[in-house]
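Taking it in order: structure first as structure tokens, then the write-up.
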Amino acid sequence: MSSARSSVSYGLPSCVFGSSNTDVMPSSIWPTTEAGRTTADLSLLPKFPIVNCGARTPSSSIVVVRRSLAFAGSFYLQNLNGLRNNFHFIFFFFETSQHIVSNGHSMSHSQSIFNGFKCFVQKSDPSVSVDSRNDAEERVVVLVVGGGGREHALCHALKRSPSCDAVFCAPGNAGISSSEDATCISDLDIFDSSAVIAFCRQWGVGLVVVGPEAPLVSGLANNLVKAGIPTFGPSSEAAALEGSKNFMKSLCDKYNIPTAKYKTFTDPSAAKEYILEQGAPIVIKADGLAAGKGVIVAMTLEEAYEAVDLMLVKNVFGSAGCCVIVEEFLEGEEASFFALVDGENAIPLESAQDHKRVGDGDTGPNTGGMGAYSPAPILTKELQSIVMESIILPTVEGMSAEGCKFVGVLFAGLMIEKKSGLPKLIEYNVRFGDPECQVLMVRLESDLAQVLLAACRGELTGVTLDWSPGSAMVVVMASKGYPGSYEKGTVIRNLEESELVAPSVKIFHAGTALDSDGNFIAIGGRVLGVTATGKDLVEARDRAYQAVEEINWPGGFYRRDIGWRALPLK
């Protein structure tokens with residue numbers, strides 16, 4: 001029912017249960033009338049947006065008995081203007097089985113009972129009736145782990161998935177919650193696997209999507225899979241592709257995957273001697289995870305020596321920097337390539353390109369990403385095929401041969417070399433890129449929940465993805481001073497007005513919170529991802545920057561040239 005997509009909340013004042021079997025349910029749980037009908041007040045149940053009534057029951061308490069069951073009641077939809085519409089509905093269950101769904105807790109075989117029902121929904125005034133879109137469609141409740149802009153984009157796409165009943169996000173952030181793209185669980189410790197597993201069992205979660213790398217490296221996916229919970233994200237062993245650059249480089253050596261020439265060091269003197277032999281510019285990388293700050297492109301020998309000292313002598317990155325990779329500087333154009341992997345097979349996502357440097361014209365220090373666009377003209381269809389054949393598939397096969405099959409998304413940072421025009425692997429990330437995820441998710445038209453479930457089950461063979469035509473762009477707004485020190489708590493205004501610039505504008509929140517007056521405030525370095533789509537990259541860029549200019553945030557800044565490699569400066 002499409003009208004429910006913009007709903008803010010729903011309520012269930014009362015429901016009536018009836019059955020062809022008088023053994024309906026214990027009266028101690030549900031009060032029964034003399035006629036054998038059962039009523040239940042569900043008004044105090046948790047409120048989740050209804051996306052498609054025809055293929056779900058609300059997230060509420062019902063009891064399905066051994067024979068057929070009719071479930072009738074009403075609910076209301078309230079839009080952003082406070083207008084409430086009342087609806088009445090009846091579910092007819094034709095399958096004969098005993099099943100309980102209670103207070104969000106579901107038996108493990110819960111999906112089976114929904115294969116044979118029809119839902120008739122009637123709006124009080126005017127009246128309409130809607131049949132279910134797919135009686136046999138699998139339904140799923142999803143938990144997204146993380147709380148940044150990438151996770152906001154994933155929640156937004158999953159909320160639009162026809163088969164997704166509800167989306168939780170842990171811990172989430174103020175923007176995700178305010179936009180109602182997911183129900184945020186701020187107090188769930190994502191590094192406590194037992195707590196995450198307990199939450200999933202309590203709320204009938206059928207798919208966990210892990211956004212950031214740290215929980216993956218710590219083994220969250222291992223424990224969830226062991227508990228029988230489908231999880232999109234690699235094991236801790238497979239996550240070493242990102243968690244250890246030395247591991248990734250060694251894999252490239254063994255399986256002939258094209259990458260930059262390198263050497264690994266733990267002794268600063270030996271590293272400096274190698275740097276002197278190679279000359280500058282040269283790249284110094286911390287082996288482990290360093291929050292996106294562990295890569296230094298040194299343009300002089302002095303900068304390279306200083307980078308080595310920062311990591312191996314001053315220990316600024318802790319254990320992540322106790323080993324460094326000294327790598328040749330590749331000249332060319334960077335691009336991002338994403339593929340979904342089920343352990344044995346891989347399918348490519350659309351192309352995207354981000355901007356790592358903090359300043360216009362790709363100047364200044366590296367960041368986590370100041371903007372992105374999709375598709376990326378640099379990644380032609382021919383180049384995409386080369387990347388799949390020479391980089392992605394050998395990696396998937398190599399990981400399987402090494403005994404740590406990779407399930408999740410492979411994010412390959414590539415350099416399209418200027419001298420050869422061919423791609424080389426710079427680095428792997430084992431999760432959706434940020435901000436590339438934002439432009440990919442606004443263009444994706446396939447049911448994301450079902451695609452990710454297929455990956456979890458090793459069933460990606462034959463899966464194809466549908467993308468909207470045209471282009472998308474995201475402009476990242478960051479706190480002044482980023483990627484260095486920055487002030488927290490600066491107030492951000494006019495976000496709602498910004499999203500009204502064009503119907504295609506969506507603001508993804510990364511580092512925001514609400515102050516005591518209900519204002520959005522910045523609490524991170526990269527704070528907002530102002531995203532827009534258009535018929536082409538020019539229109540997407542114009543809409544994104546129009547939306548950025550509406551935002552009143554004196555404490556923030558942004559690059560003004562996102563997309564400059566693909567388009568002339570505006």
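The values are calculated or read from the model by the stated rules, or taken from the named source; none is laboratory data. Here the structure is a predicted model, which means the values were calculated and not measured. No Cβ is skipped: glycine too gets one built from the backbone with ideal geometry, and neighbour counts run over all protein chains shown. Accessible surface areas use protein heavy atoms only, side chains included; no ligands, DNA or RNA. Shrake-Rupley method; radii C 1.70, N 1.55, O 1.52, S 1.80 Å.
What is the residue count in segment 346-363 for residues that are under 14 Å from Tyr482 (Cα atoms) and either surrounded by 17 or more Cβ atoms within 10 Å (Cβ to Cβ) or touching a strand residue (DSSP E or B) at 6+ places or on another chain (Cβ under 7 Å) (or both)?
Residues meeting the conditions: 4.
Considering each residue of segment 254-271, count those that are within 16 Å of Pro423 (Cα to Cα) and either assigned to a strand (DSSP E or B) or among the acidic types (Asp, Glu) (or both), and give that number.
1
Residue under question is Val283, and the condition is that it be surrounded by fewer than 16 Cβ atoms within 10 Å (Cβ to Cβ) and in contact (Cβ under 8 Å) with a residue 12 or more places away in the chain; does it hold? Lay out the reasoning, then the answer.
On the way: surrounded by fewer than 16 Cβ atoms within 10 Å (Cβ to Cβ): no; in contact (Cβ under 8 Å) with a residue 12 or more places away in the chain: yes.
When the stated conditions are applied, Val283 does not pass them.
Output the number of residues of segment 255-270 satisfying the condition of being out of contact with any Lys or Arg (no Cβ under 8 Å at 6 or more places or on another chain) and either crowded, with 18+ Cβ neighbours inside 10 Å or touching a residue at least 60 places away in the same chain (Cβ under 8 Å) (or both).
Pass one, segment 255-270, residues out of contact with any Lys or Arg (no Cβ under 8 Å at 6 or more places or on another chain): 255-257, 261, 263, 265-270.
Right, trim to either crowded, with 18+ Cβ neighbours inside 10 Å or touching a residue at least 60 places away in the same chain (Cβ under 8 Å) (or both) and you get 255-257, 261, 263, 265.
Final tally of qualifying residues: 6.
Within the bounds of segment 439-447, is there any residue that is touching a Leu at 6+ places or on another chain (Cβ under 8 Å) and among the hydroxyl-bearing types (Ser, Thr, Tyr)?
Yes, segment 439-447 contains a residue that is touching a Leu at 6+ places or on another chain (Cβ under 8 Å) and among the hydroxyl-bearing types (Ser, Thr, Tyr).
Could you check Lys293 against (1) open to solvent by 50 Å² or more (accessible area, probe 1.4 Å); (2) more than 26 Å from Gly433 (Cα to Cα); (3) not aromatic (Phe, Trp, Tyr) and say which number it fails?
In the conditions (1) open to solvent by 50 Å² or more (accessible area, probe 1.4 Å); (2) more than 26 Å from Gly433 (Cα to Cα); (3) not aromatic (Phe, Trp, Tyr), Lys293 misses (2) alone.
In segment 145-152, is there at least one residue being open to solvent by 10 Å² or more (accessible area, probe 1.4 Å), out of contact with any strand residue (DSSP E or B) (no Cβ under 7 Å at 6 or more places or on another chain) and touching a residue at least 40 places away in the same chain (Cβ under 8 Å)?
As a first pass, look at segment 145-152 and keep what is open to solvent by 10 Å² or more (accessible area, probe 1.4 Å): 147-148, 150.
Pick out the ones that are also out of contact with any strand residue (DSSP E or B) (no Cβ under 7 Å at 6 or more places or on another chain) and you get 148, 150.
Now narrow it down to the ones that are touching a residue at least 40 places away in the same chain (Cβ under 8 Å): 148, 150.
Looking for residues that are open to solvent by 10 Å² or more (accessible area, probe 1.4 Å), out of contact with any strand residue (DSSP E or B) (no Cβ under 7 Å at 6 or more places or on another chain) and touching a residue at least 40 places away in the same chain (Cβ under 8 Å), one finds at least one in segment 145-152, hence yes.
Considering each residue of segment 471-483, count those that are touching a residue at least 60 places away in the same chain (Cβ under 8 Å) and either part of a loop (DSSP other than H, G, I, E, B) or open to solvent by 10 Å² or more (accessible area, probe 1.4 Å) (or both), and give that number. Walk me through how you get there before you give the answer.
Start the filter on segment 471-483 by keeping residues that are touching a residue at least 60 places away in the same chain (Cβ under 8 Å), which leaves 471-480, 482-483.
From what's left, either part of a loop (DSSP other than H, G, I, E, B) or open to solvent by 10 Å² or more (accessible area, probe 1.4 Å) (or both): 471, 480, 482-483.
Of the residues in that region, 4 qualify.
When segment 507-521 is examined, which residues are found to be over 23 Å from Asn366 (Cβ atoms) and either open to solvent by 30 Å² or more (accessible area, probe 1.4 Å) or out of contact with any helix residue (DSSP H, G or I) (no Cβ under 7 Å at 6 or more places or on another chain) (or both)?
Of everything in segment 507-521, those that are over 23 Å from Asn366 (Cβ atoms) and either open to solvent by 30 Å² or more (accessible area, probe 1.4 Å) or out of contact with any helix residue (DSSP H, G or I) (no Cβ under 7 Å at 6 or more places or on another chain) (or both) turn out to be Leu514, Asp515, Ser516, Asp517, Gly518, Asn519, Phe520, Ile521.
Residues that are over 17 Å from the mean Cα position of the chain (by Cα) and more than 23 Å from Asp434 (Cβ to Cβ): find the helices (runs of 4 or more DSSP H) completely inside segment 180-236 holding 2 or more of those.
Working: elements: 193-202, 213-217, 220-226.
By residue number, 193-202, 220-226.
Looking only at segment 168-177, filter to residues that are in contact (Cβ under 8 Å) with a residue 24 or more places away in the chain and either part of a strand (DSSP E or B) or not hydrophobic (A, V, I, L, M, F, W, C) (or both); which one of those is surrounded by the fewest Cβ atoms within 10 Å (Cβ to Cβ)? Spell out the reasoning first.
First, pick out the residues of segment 168-177 that are in contact (Cβ under 8 Å) with a residue 24 or more places away in the chain: 168-176.
This time we only want the ones that are either part of a strand (DSSP E or B) or not hydrophobic (A, V, I, L, M, F, W, C) (or both), so: 168-173, 175.
On the way: Phe168: 23, Cys169: 28, Ala170: 23, Pro171: 16, Gly172: 26, Asn173: 25, Gly175: 26.
My answer is Pro171.
Return a yes/no flag: does segment 407-419 have any residue that is farther than 22 Å from Gly511 by Cβ, open to solvent by 10 Å² or more (accessible area, probe 1.4 Å) and free of Cβ contacts under 8 Å to residues at least 40 places away in the same chain.
No, because not a single residue in segment 407-419 is farther than 22 Å from Gly511 by Cβ, open to solvent by 10 Å² or more (accessible area, probe 1.4 Å) and free of Cβ contacts under 8 Å to residues at least 40 places away in the same chain.
Looking only at segment 522-533, filter to residues that are in contact with a Ser or Thr (Cβ under 6 Å, 6 or more places away or on another chain) and within 20 Å of Arg565 (Cβ to Cβ); which one of those is surrounded by the most Cβ atoms within 10 Å (Cβ to Cβ)?
Top of the filtered list is Ala532.
To keep it simple, each residue is scored yes or no on (1) farther than 20 Å from Gly148 by Cα; (2) assigned to a loop (DSSP other than H, G, I, E, B); (3) aliphatic (A, V, I, L, M); (4) modelled with pLDDT under 95.
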| position | (1), (2), (3), (4) |
| --- | --- |
| Phe508 | no, no, no, no |
| Gly529 | no, no, no, no |
| Ala544 | no, no, yes, no |
| Glu549 | yes, no, no, no |
| Arg560 | yes, yes, no, no |
| Leu569 | yes, yes, yes, yes |
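Among Ala304, Ala335, Ala320, which is the only one that is in contact with a strand residue (DSSP E or B) (Cβ under 6 Å, 6 or more places away or on another chain), in a helix (DSSP H, G or I), surrounded by 23 or more Cβ atoms within 10 Å (Cβ to Cβ) and of a type in the set (A, V, I, L, M)? Step through it out loud before you land on a result.
Details: Ala335 fails: in a helix (DSSP H, G or I); Ala320 fails: surrounded by 23 or more Cβ atoms within 10 Å (Cβ to Cβ).
Selected residue: Ala304, the only one of Ala304, Ala335, Ala320 that is in contact with a strand residue (DSSP E or B) (Cβ under 6 Å, 6 or more places away or on another chain), in a helix (DSSP H, G or I), surrounded by 23 or more Cβ atoms within 10 Å (Cβ to Cβ) and of a type in the set (A, V, I, L, M).
Just a yes or no: is a residue in segment 434-444 open to solvent by 30 Å² or more (accessible area, probe 1.4 Å) and more than 30 Å from Ile296 (Cα to Cα)?
Yes, there is a match, as at least one residue in segment 434-444 is open to solvent by 30 Å² or more (accessible area, probe 1.4 Å) and more than 30 Å from Ile296 (Cα to Cα).
Being within 18 Å of Ala157 (Cβ to Cβ) and part of a loop (DSSP other than H, G, I, E, B) is the filter here, so list the residues in segment 448-462 that pass it. Outline the logic, then answer.
Residues of segment 448-462 within 18 Å of Ala157 (Cβ to Cβ): 448-456, 460.
The answer is Leu460, and nothing else.
Quick one: which helices (runs of 4 or more DSSP H) sit completely within segment 349-447 and have at least 2 residues that are within 17 Å of the chain's Cα centre (by Cα)?
436-443
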